[in-house]
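In what follows, a single structure is set out as structure tokens and then discussed.
The values are calculated or read from the model by the stated rules, or taken from the named source; none is laboratory data. Since the model is a prediction, treat every value here as computed from it, not as a measurement. Here the Cβ positions follow ideal geometry from the backbone for every residue, glycine too, while neighbour counts run over all protein chains shown. Only protein heavy atoms, including side chains, enter the accessible area calculation; ligands, DNA and RNA are left aside. Shrake-Rupley method; radii C 1.70, N 1.55, O 1.52, S 1.80 Å.
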Amino acid sequence: MLKRVHFEPSFLPFLLVAPQIIITVVFFIWPASQALYQSLLVEDAFGLSSEFVWFDNFIELFGDEHYLGAFQRTIFFSFSVAFLSMAFALTLAAMADRVIKGATTYRTFLIWPYAVAPVVSGALWVFMFDPTLGIFTYTLGVLGYEWNHKLNGGEAMFLVIIASAWKQVAYNFLFFLAAMQSIPKSLIEAAAIDGAGPTRRFFSIIFPLISPTTFFLMVINVVFAFFETFGIVHAVTQGGPAKATEILVYKVFNDGFIGLDLGGSAAQSVILMLIVISLTVIQFRYVEKKVDY
Amino acid sequence: MAEIHLNKVSKSYGDVAVLHDIDWHIRDGEFVVIVGPSGCGKSTLLRMIAGLEKITQGEASIGNRVVNDLEPAERDIAMVFQNYALYPHMSVYNNMAYGLKIKGVPKDEIERRVNRTAEILEIGDYLKRSPRQLSGGQRQRVAMGRAIVREPSVFLFDEPLSNLDAKLRVQMRLEIKKLQERLGITSVYVTHDQVEAMTLGHRLMVLNGGHVEQLGTPIELYERPATAFVAGFIGSPSMNFLDAKISEDGKEVEFPGGNTLSLAQDFSKHANRPVNVGMRPEHLHVDDSNAEKTSHTVDVVEHLGADTLVHGTFGNGGSDLTVRLSGIRTIGQGEVLPLSIDPKNMHLFDPDDGRRLEA
């Protein structure tokens, strides 16, 4: 029989978990509850008083076509980023999976972009596509295409998508590669003997077997594009031109800190919070269902 | 159906050679077994025939076609893997139909062939299930079904029974043998289990450290092992080896401690030569007559029911010796048994290179 162990009451365990709890409270619980509270207030133009208005901020948001536009834009942006970065990562992983010589070096290089901060990634792309100085702009000019993302909303959107997707490729690559390497080699060999070429093997065997990873990355990438691309947008376009790249996180910042509509901005962040919570629930509910070999 | 020719086939990884000049002609419809301890290169050889490993040197051909540079798919082979390698996301039916679909066989033809194969292997009831819902034995059948349904000219088996429990293994072994006889398709079977090798193969290749020790029928391997390695590998419990010396006149072997046993043939050309004498446990008998014999001091007795294994020391020399006596015998520890052996059941090997010595 197991003996039940009784510990003497002591402060040590509390002391040991204290830093984590303090960090969570100060940087998460407290701001989140502040946002929740603020989302129910309206501030006057000079910031001298505020009034409790219940859900008026939310009602106003859902009647605001700018907000709904930002919502659509964000969905388009997120899925484009997720699709692009995953498609690219999957291709690279499929190729890396077949590399034998120098595989480690090759993989290390592919992982590097992940270590780059979003703002830096944004800055890199901004330089390359700068309408007056950028090397890509120049190249496109030579090819007869005039690139100016500062005037053309579609080009601006394209640029932030590329910059965000590029950053995620490394992360996705890592997961795809791990998933592919966990597929028993004999399955691939059996398929080869059955007559399937590399492409067919990829689509009929490898791709279905890594589907749990694909789903996991889908959620992770959408979350990334929704919430962590502020730095990239800020560095590349500042939400412009004419709000063409104003996604939800950027609108929270713009309305709150530039427009000083604290109540409305808080309401937006509460909505974002609900989205991230639901994505996390989906993640935990379905990702656990794994295909077993 | 096809024959397989291996012509000086070698394999090396960088500087490390794992297979050396393998020559073998496998006849059409033959069931051959490659057997050897783990790491001897037997799976590598099979995978080279399959096209999963490149052939470093030499030439392999299947049905008069040199296959060195052909993809596995072009070799008209089917393989059964040790871990079955069933596609986990496909039903049993789709697992079996996969290869046919790729070949572009019409749908109704696929259905007919899968159903017929399923009937042969008695897996018709599981066709809609996924591999995960099957037991080990059923998965094994599906793996074989996937191979059979394609009607290849060669079957390759890579230790297909080693993941099954002992009872199922014996049952599946018999089924594989029957199936191969019925289909008459050339088969190459790799195993480390000498019983599987002996029972399944028309002919065996014993591999050790990348070299062929012996090629032959199971009976040849048992009766005339070409090397001490083969002698020790084939047969269970394995052969006893005792150090000895051939006598002056070449008619006897002399053991340290003074015991002698006479030989069936005249070994005078090897007179005075040190040898390794091999005697199978089942060839030693307890003999109370006055015939030439030697003694065995009993140490441990193991009862298997049908047989009794008596472990002890031989003669005065003190070498370990195991004797297999039929039936149940009551023998106490320390007892001294008079033993005899038919001289033609004694095998002599060179103690240095392990080669069989002939008179």
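Observations
- Consider the range A:127-143 and keep the residues that are of a type outside the set (F, W, Y) and not in a loop (DSSP other than H, G, I, E, B). The one that is least open to solvent (accessible area, probe 1.4 Å) is A:T137.
- Odd one out for B:E335, checked against (1) among the acidic types (D, E); (2) under 33 Å from the mean Cα position of the chain (by Cα); (3) over 24 Å from B:I234 (Cβ atoms): (2)
- Residues that are free of Cβ contacts under 8 Å to residues at least 12 places away in the same chain and under 16 Å from A:T245 (Cα atoms) were ranked within the range A:53-75; the one that is surrounded by the most Cβ atoms within 10 Å (Cβ to Cβ) is A:I75.
- Residues located in the range A:176-207, provided they are aliphatic (A, V, I, L, M) and within 31 Å of the chain's Cα centre (by Cα): A:L177, A:A178, A:A179, A:M180, A:I183, A:I205, A:I206
- Between A:V116, A:V160, the distinction of being at pLDDT below 85, out of contact with any Phe, Trp or Tyr (no Cβ under 6 Å at 6 or more places or on another chain) and of a type in the set (V, I, T) belongs to A:V116 only.
- When residues of the range B:131-166 are limited to those that are within 11 Å of chain A (Cβ to nearest Cβ) and closer than 19 Å to B:E111 by Cβ, the one surrounded by the fewest Cβ atoms within 10 Å (Cβ to Cβ): B:R150
- Single condition B:S319 does not satisfy, out of (1) open to solvent by 30 Å² or more (accessible area, probe 1.4 Å); (2) out of contact with any Ser or Thr (no Cβ under 7 Å at 6 or more places or on another chain); (3) closer than 27 Å to B:T227 by Cα; (4) of a type in the set (S, T, N, Q): (2)
- Filtered residues of the range B:19-31 (kept if open to solvent by less than 40 Å² (accessible area, probe 1.4 Å) and more than 20 Å from B:L200 (Cα to Cα)): B:L19, B:I22
- Residue that is nearest to B:F233 (Cα to Cα), among those in the range B:32-53 that are within 12 Å of another protein chain (Cβ to nearest Cβ) and open to solvent by 10 Å² or more (accessible area, probe 1.4 Å): B:S43
- With respect to (1) farther than 15 Å from A:F71 by Cβ; (2) of a type outside the set (S, T, N, Q); (3) not in a helix (DSSP H, G or I), the lone exception for A:E246 is condition (1).
- Restricting the range B:167-188 to residues that are of a type in the set (V, I, T) and buried (at least 20 other Cβ atoms within 10 Å of the Cβ), the residue that is nearest to A:L187 (Cα to Cα): B:V188
- Criterion violated by A:I210 - all others in (1) open to solvent by less than 20 Å² (accessible area, probe 1.4 Å); (2) within 17 Å of the chain's Cα centre (by Cα); (3) within 14 Å of another protein chain (Cβ to nearest Cβ) satisfied: (2)
- Screening the range A:149-192 for residues that are among the basic types (K, R) and more than 13 Å from chain B (Cβ to nearest Cβ) and picking the one that is least open to solvent (accessible area, probe 1.4 Å) gives A:K167.
- Filtering the range B:82-108 to residues that are under 30 Å from B:V9 (Cα atoms), touching an Asp or Glu at 6+ places or on another chain (Cβ under 8 Å) and buried (at least 22 other Cβ atoms within 10 Å of the Cβ) leaves B:A85, B:G99.
- Subset of the range B:250-260 (residues that are open to solvent by 10 Å² or more (accessible area, probe 1.4 Å), part of a strand (DSSP E or B) and not polar (S, T, N, Q)): B:E252, B:E254
Listed here are the residues, each with its yes/no results for (1) out of contact with any Asp or Glu (no Cβ under 6 Å at 6 or more places or on another chain); (2) of a type in the set (D, E, K, R).
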residue: B:Q138; (1), (2): yes, no
residue: B:V142; (1), (2): yes, no
residue: B:A147; (1), (2): yes, no
residue: B:S153; (1), (2): no, no
residue: B:G184; (1), (2): yes, no
residue: B:V188; (1), (2): yes, no
residue: B:E196; (1), (2): yes, yes
residue: B:L200; (1), (2): yes, no
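- Subset of the range A:10-52 (residues that are among the hydroxyl-bearing types (S, T, Y), modelled with pLDDT under 90 and surrounded by 10 or more Cβ atoms within 10 Å (Cβ to Cβ)): A:S33, A:Y37, A:S39, A:S50
- When the range B:76-116 is filtered for residues that are more than 18 Å from B:L127 (Cβ to Cβ) and at the interface with chain A (Cβ under 8 Å from one of its Cβ atoms), the ones remaining, listed by number, are B:I77, B:A78, B:M79, B:F81, B:Q82, B:N83, B:A85, B:I102, B:K103.
- Residue in the range B:189-203 that is in contact (Cβ under 8 Å) with a residue 60 or more places away in the chain, surrounded by 23 or more Cβ atoms within 10 Å (Cβ to Cβ), within 20 Å of B:A118 (Cβ to Cβ) and within 14 Å of chain A (Cβ to nearest Cβ) present: no
Results for (1) of a type in the set (S, T, N, Q); (2) assigned to a strand (DSSP E or B); (3) at pLDDT 90 or above, shown as yes or no for each residue.
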site	(1), (2), (3)
B:E151	no, no, no
B:F157	no, yes, yes
B:L164	no, no, no
B:R169	no, no, no
B:Y189	no, yes, yes
B:M198	no, no, yes
B:L221	no, no, yes
B:E248	no, no, no
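- Residues of the range A:232-274 satisfying the condition of being within 20 Å of A:I161 (Cβ to Cβ), among the aliphatic types (A, V, I, L, M) and open to solvent by 20 Å² or more (accessible area, probe 1.4 Å): A:A235, A:A242, A:A244, A:V249, A:V252
- Pick from the range B:57-75, criterion among the charged types (D, E, K, R) and away from chain A (no Cβ under 14 Å), ranking: least open to solvent (accessible area, probe 1.4 Å): B:E59
- Scanning the range B:117-130 for residues that are away from chain A (no Cβ under 14 Å), of a type outside the set (A, V, I, L, M) and either in contact (Cβ under 8 Å) with a residue 12 or more places away in the chain or touching an Asp or Glu at 6+ places or on another chain (Cβ under 8 Å) (or both) yields B:T117, B:E122, B:Y126, B:K128, B:R129.
- When the range A:193-207 is filtered for residues that are of a type outside the set (S, T, N, Q), within 8 Å of another protein chain (Cβ to nearest Cβ) and open to solvent by less than 40 Å² (accessible area, probe 1.4 Å), the ones remaining, listed by number, are A:I193, A:D194, A:G195, A:A196, A:G197, A:I205.
- Residues being surrounded by 18 or more Cβ atoms within 10 Å (Cβ to Cβ) and closer than 13 Å to B:Q57 by Cβ - total across the range B:1-18: 3
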